[in-house]
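S.K.: First, the structure itself, so that you have it in front of you.
The values are calculated or read from the model by the stated rules, or taken from the named source; none is laboratory data. What you see is a predicted model, and the numbers here were worked out from it, not measured in a lab. Don't worry about glycine lacking a Cβ; one is built from the backbone with ideal geometry, like all the others, and counts go over all protein chains shown. Areas reflect the complete protein model, heavy atoms only, side chains present, ligands, DNA and RNA absent. Shrake-Rupley method; radii C 1.70, N 1.55, O 1.52, S 1.80 Å.
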Amino acid sequence: GDLTHPMKGPLRSLRGGDAALHRTALALVKSAHLLPAAVVTDLTDGPGFAREHRLTLLPAALAEPRLAETGPLAPVAQARVPVEAAGAGRLHVFRPGDGSEEHYAFEVGQPRRDAPVLARLHSACFTGDVLGSLKCDCGPQLRGALAQMGAEGAGVLLYLNQEGRGIGLANKLRAYSLQDQGFDTVEANHRLGFEDDERDFRIGSDILRRMGFSEVRLMTNNPAKLTMMEEQGLTVVERVPLSVGRTAENSGYLATKAAKSGHLL
């Protein structure tokens, strides 16, 4: 495979014709957290070929708009969950109607709906949040955000199931393998066929609105989150920096986030 026996360039791509179907195919495999690769070919009888080989048939004209939209989220459960970092809290579970990943909101204290809420959009990171990986700063950011909300007495932490900047855990580990070969975090994503960041921050703004918030003090080092929140109709009254978790192992990763992804570190 590409990880152990990478193809040698330079490679030339042949461009021409309508690529709409190809883009839809790539969006479909990305939505399943598979590697973004697809074989597209003309068939004289596509439906017949699908029936013969017992394949699922998806009309592109119907699939394309569904892949581009964010499924509406509905609250399905909530309960009191006291936590070490922030004391009293309430965990909310939101589930989309299309069967994709659930997302969570942890409400610290009782934040007012008529004032800017201290909020953090945190993307799931199994390696950092759970294992304490030193390759990233996610675990310290998660705990630091909860601690600051606890100190202020109120806040909302959104835990969004968008592992590996939206590419999934398996693909993140493939990217890690490429990083061990000398690629930085952005180059590794590109080598696998992904964008720098595949996350959809519309999910976070949707949850905040559903919880009754319209103004936020956003805990982030990522200006793209500020822009996306404003575009979705939420007012960001302040960017609250979150400078934690720098280690010898992740210094290159943080430098790449600053240089290539515009993070303010």
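S.K.: In the stretch 96-121, what count of residues is obtained for those that are open to solvent by 50 Å² or more (accessible area, probe 1.4 Å) and within 21 Å of Leu234 (Cα to Cα)?
M.R.: Going through the stretch 96-121 one residue at a time, the tally reaches 6.
S.K.: Please state which one of Leu62, Leu14, Leu3 is assigned to a loop (DSSP other than H, G, I, E, B), modelled with pLDDT under 90 and open to solvent by 70 Å² or more (accessible area, probe 1.4 Å).
M.R.: Leu14
S.K.: Before we move on, is Leu118 over 23 Å from Ala224 (Cα atoms) and in a strand (DSSP E or B)?
M.R.: Details: over 23 Å from Ala224 (Cα atoms): no; in a strand (DSSP E or B): yes.
No.
S.K.: Restricting the stretch 17-36 to residues that are hydrophobic (A, V, I, L, M, F, W, C) and under 17 Å from Leu169 (Cα atoms), which is most open to solvent (accessible area, probe 1.4 Å)?
M.R.: Leu34
S.K.: With the requirement that a residue be closer than 30 Å to Ala37 by Cα and assigned to a loop (DSSP other than H, G, I, E, B), what does the stretch 138-168 give you?
M.R.: Asn161, Gln162, Ile167, Gly168
S.K.: Checking the condition in contact with a Pro (Cβ under 7 Å, 6 or more places away or on another chain) and either among the hydrophobic types (A, V, I, L, M, F, W, C) or modelled with pLDDT under 85 (or both), which residue from Gly155, Gly245 passes?
M.R.: Answer to the selection: Gly245.
S.K.: Just to verify a result, which residue in the stretch 169-202, among those that are in a helix (DSSP H, G or I), of a type in the set (A, V, I, L, M, F, W, C) and within 25 Å of Leu158 (Cβ to Cβ), is most open to solvent (accessible area, probe 1.4 Å)?
M.R.: Leu173
S.K.: Going residue by residue through the stretch 206-216, is there one that turns out to be assigned by the TED database to the domain that holds Gly128, β-branched (Val, Ile, Thr) and at pLDDT 85 or above?
M.R.: Applying the first criterion (assigned by the TED database to the domain that holds Gly128) to the stretch 206-216 yields 206-216.
Add one more test, that the residue is β-branched (Val, Ile, Thr), and what stays is 207, 216.
When the remaining residues are screened for being at pLDDT 85 or above, the result is 207, 216.
Yes, the stretch 206-216 contains a residue that is assigned by the TED database to the domain that holds Gly128, β-branched (Val, Ile, Thr) and at pLDDT 85 or above.
S.K.: Turning to a different aspect of this structure: Taking the stretch 172-210 on its own, how many of its residues are closer than 16 Å to Pro96 by Cα, more than 14 Å from the chain's Cα centre (by Cα) and in contact (Cβ under 8 Å) with a residue 40 or more places away in the chain?
M.R.: Residues flagged as closer than 16 Å to Pro96 by Cα, more than 14 Å from the chain's Cα centre (by Cα) and in contact (Cβ under 8 Å) with a residue 40 or more places away in the chain within the stretch 172-210 amount to 4.
S.K.: Any residue in the stretch 39-55 that is on the phi > 0 side of the Ramachandran plot, charged (D, E, K, R) and open to solvent by 50 Å² or more (accessible area, probe 1.4 Å)?
M.R.: The answer is yes, given that some residue of the stretch 39-55 is on the phi > 0 side of the Ramachandran plot, charged (D, E, K, R) and open to solvent by 50 Å² or more (accessible area, probe 1.4 Å).
S.K.: Check Ala145, Ala124 and return the single one that is out of contact with any strand residue (DSSP E or B) (no Cβ under 6 Å at 6 or more places or on another chain) and either of a type in the set (Ser, Thr, Tyr) or surrounded by 18 or more Cβ atoms within 10 Å (Cβ to Cβ) (or both).
M.R.: Ala124
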